[in-house]
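Accompanying notes for the structure given below.
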Amino acid sequence: MNYLKRINPTYLFILPVIISILFLIYSYFWIDHGLVTFLSANRPAIGSFFNLIEFTGNNKILMAQLYFAFIVVMFICQLIFFIPHVYKNLNLKSVFIILALVILIYSLSYPFLSKDIFSYYLYAKTAYFYHLNPYITAPIELADKDFFVFIAHNIRAPYNYGPGYLLFSILPMVILTINKIILYFITLKLLNGILFFISGLMLYKLINYDRRILAMWFLNPFLIIELLSNSHNDMVMIAFFIIGFFYFTKKKYFSGLSLIIFSILTKFVSLIALPILFLNNSLKINYLRIVGITLPILTLLLNRAIEPWYLSWSYMFLPMAKLKTSSWILFSMIGFIQLANYYRFLESSGWGAGLVISHPMLITNILIGLILIIEYRKPIGNRLKTYL
């Protein structure tokens, strides 16, 4: 702490910038073998990525350990920017320029923990280039005309997201006007990065310029990896709701409601956020707080496998819930647990290889319980005093 007080807080952003660059390079060591085979057929230079793939294959434990080191350092960076002396003494103009650079770099990283972006491409291609309905046409049906089908996953099922995201995933093809896989991925990931940055700015304004947004959102390792690097479509759902809600608070109801509807049409999860449009300020804060905190438990009610990135849904609520810093740190630990448990997957290149942090749901429930105690201990205590 004393050391931090002696340096210009803006210089502390040097570490996140360095980490983002190293993470970008590191991510491409995990590039998919099938993807490189597919692309190098017409672009021999891309074949050099086989050397990275070979290195990773021969050093999986080392590469998994490097991943763990990355998320630990990223988590430390996040915690640093929860320190009041740090975030209160920043030159915000410089900070947001640096953050834009960091987000750009992470956006361009390879999604080595998920193949969902490949599926998004195939479904968009099905609709835009093959003129077929992806809601009734599974990618496997295109296997005789499109080799890329075998690089994606979930190829035996038709499209199961809302039409909003289908339109969004087609957008890069409309912009580019050509079917170029590399350009498509770059464009889609850059669009994700733009939405991430804009959402952060909107949240910053919605929470009355609370500078903790730097740690809550911009430097949050869980959001960086799941929404920027892995490029899950939850980013679009969350972003359009946040931006729409911002317009709604400015009494631009048509624009706000249109964006919120698009969010719902991306993933229907954002339906549960609708009540905040109609609640008074006190009820709104409590709704945001309770739903945002308990959502990781509520997802257990879904009749499907619970994926790590579902935790990102809470970020439609929590930044606006006026949580105490200690609560934010505890909730960030839940995200760290989710990221840490990718370790065995990387070490073995397969799911079901075990967990680094055992009983993650139990720990999550304990952390959520602690957060609820921190947030509601005083209000409940005051009410008890009035009754006694």
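Might you check whether a residue that is without any contact (Cβ under 8 Å) to a residue 60 or more places away in the chain, surrounded by 18 or more Cβ atoms within 10 Å (Cβ to Cβ), of a type outside the set (Asp, Glu) and within 30 Å of Ile117 (Cα to Cα) occurs anywhere in the range 317-329?
Checking the range 317-329: at least one residue is without any contact (Cβ under 8 Å) to a residue 60 or more places away in the chain, surrounded by 18 or more Cβ atoms within 10 Å (Cβ to Cβ), of a type outside the set (Asp, Glu) and within 30 Å of Ile117 (Cα to Cα).
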| What residue, among those in the range 294-347 that are in contact with a Lys or Arg (Cβ under 9 Å, 6 or more places away or on another chain) and of a type in the set (A, V, I, L, M), is nearest to Lys267 (Cα to Cα)? | Leu318
| request: Determine whether Tyr161 is assigned to a loop (DSSP other than H, G, I, E, B), touching a helix residue (DSSP H, G or I) at 6+ places or on another chain (Cβ under 8 Å) and under 16 Å from Phe241 (Cβ atoms). | output: yes
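Quick test for you: out of Ile306, Ile293, Ile337, pick the one residue that is in contact with a Leu (Cβ under 9 Å, 6 or more places away or on another chain), under 28 Å from Ala69 (Cα atoms) and not in a helix (DSSP H, G or I). First the steps, then the outcome.
On the way: Ile293 fails: not in a helix (DSSP H, G or I); Ile337 fails: not in a helix (DSSP H, G or I).
It is Ile306.
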| Tally time: how many residues in the range 102-116 are touching a Leu at 6+ places or on another chain (Cβ under 7 Å) and of a type in the set (A, V, I, L, M, F, W, C)? | 3
| query | Restricting the first residue to the range 70-97 and requiring it to be assigned to a helix (DSSP H, G or I) and surrounded by 19 or more Cβ atoms within 10 Å (Cβ to Cβ), which pairs with a second residue that is among the basic types (Lys, Arg) and modelled with pLDDT of 95 or more meet a Cβ separation below 8 Å and a spacing of at least six or different chains? | reply | Tyr87/Arg211; Tyr87/Arg212
| Quick one: what pairs do we get from the range 214-228, first residue of a type in the set (Asp, Glu), second buried (at least 24 other Cβ atoms within 10 Å of the Cβ) and not in a helix (DSSP H, G or I), C-beta under 6 Å, 6+ apart or different chains? | Glu226/His232
| note | Restricting the range 107-143 to residues that are charged (D, E, K, R) and part of a helix (DSSP H, G or I), the one nearest to Ile181 (Cα to Cα) turns out to be Lys125
| request: Considering only the range 3-43, state which residues are farther than 21 Å from Met63 by Cβ and assigned to a loop (DSSP other than H, G, I, E, B). | output: Arg6, Ile7, Asn8, Ala41, Asn42, Arg43
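In the range 58-109, which residues are farther than 19 Å from Ile225 by Cα, in contact with an Asp or Glu (Cβ under 8 Å, 6 or more places away or on another chain) and among the aliphatic types (A, V, I, L, M)?
Start the filter on the range 58-109 by keeping residues that are farther than 19 Å from Ile225 by Cα, which leaves 58-62, 82-97.
When the remaining residues are screened for being in contact with an Asp or Glu (Cβ under 8 Å, 6 or more places away or on another chain), the result is 60-61.
Listed by number, the list holds a single entry, Ile61.
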| request: Could you list all residues from the range 246-287 that are under 19 Å from the mean Cα position of the chain (by Cα) and within 12 Å of Met320 (Cβ to Cβ)? | output: Ala273
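Does the range 263-281 contain at least one residue that is among the aromatic types (Phe, Trp, Tyr) and surrounded by 14 or more Cβ atoms within 10 Å (Cβ to Cβ)?
As a first pass, look at the range 263-281 and keep what is among the aromatic types (Phe, Trp, Tyr): 268, 278.
Narrowing further to those that are surrounded by 14 or more Cβ atoms within 10 Å (Cβ to Cβ): none.
Checked the range 263-281: no residue is among the aromatic types (Phe, Trp, Tyr) and surrounded by 14 or more Cβ atoms within 10 Å (Cβ to Cβ).
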| remark: Within the range 149-167, restricting to residues that are surrounded by 18 or more Cβ atoms within 10 Å (Cβ to Cβ) and touching a residue at least 60 places away in the same chain (Cβ under 8 Å), the one that is farthest from Leu191 (Cα to Cα) is Ile151
| message | On the basis of being over 25 Å from Ile334 (Cα atoms) and touching an Asp or Glu at 6+ places or on another chain (Cβ under 8 Å), does Leu122 make the cut? | response | yes
| field | Filtered residues of the range 137-158 (kept if under 21 Å from the mean Cα position of the chain (by Cα) and either among the aliphatic types (A, V, I, L, M) or within 14 Å of Thr126 (Cβ to Cβ) (or both)) | value | Ala152, Asn154
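The values are calculated or read from the model by the stated rules, or taken from the named source; none is laboratory data. What you see is a predicted model; the values in this text were computed from it and never measured. Backbone-built Cβ (ideal geometry, glycine too); neighbour counts: all protein chains shown.
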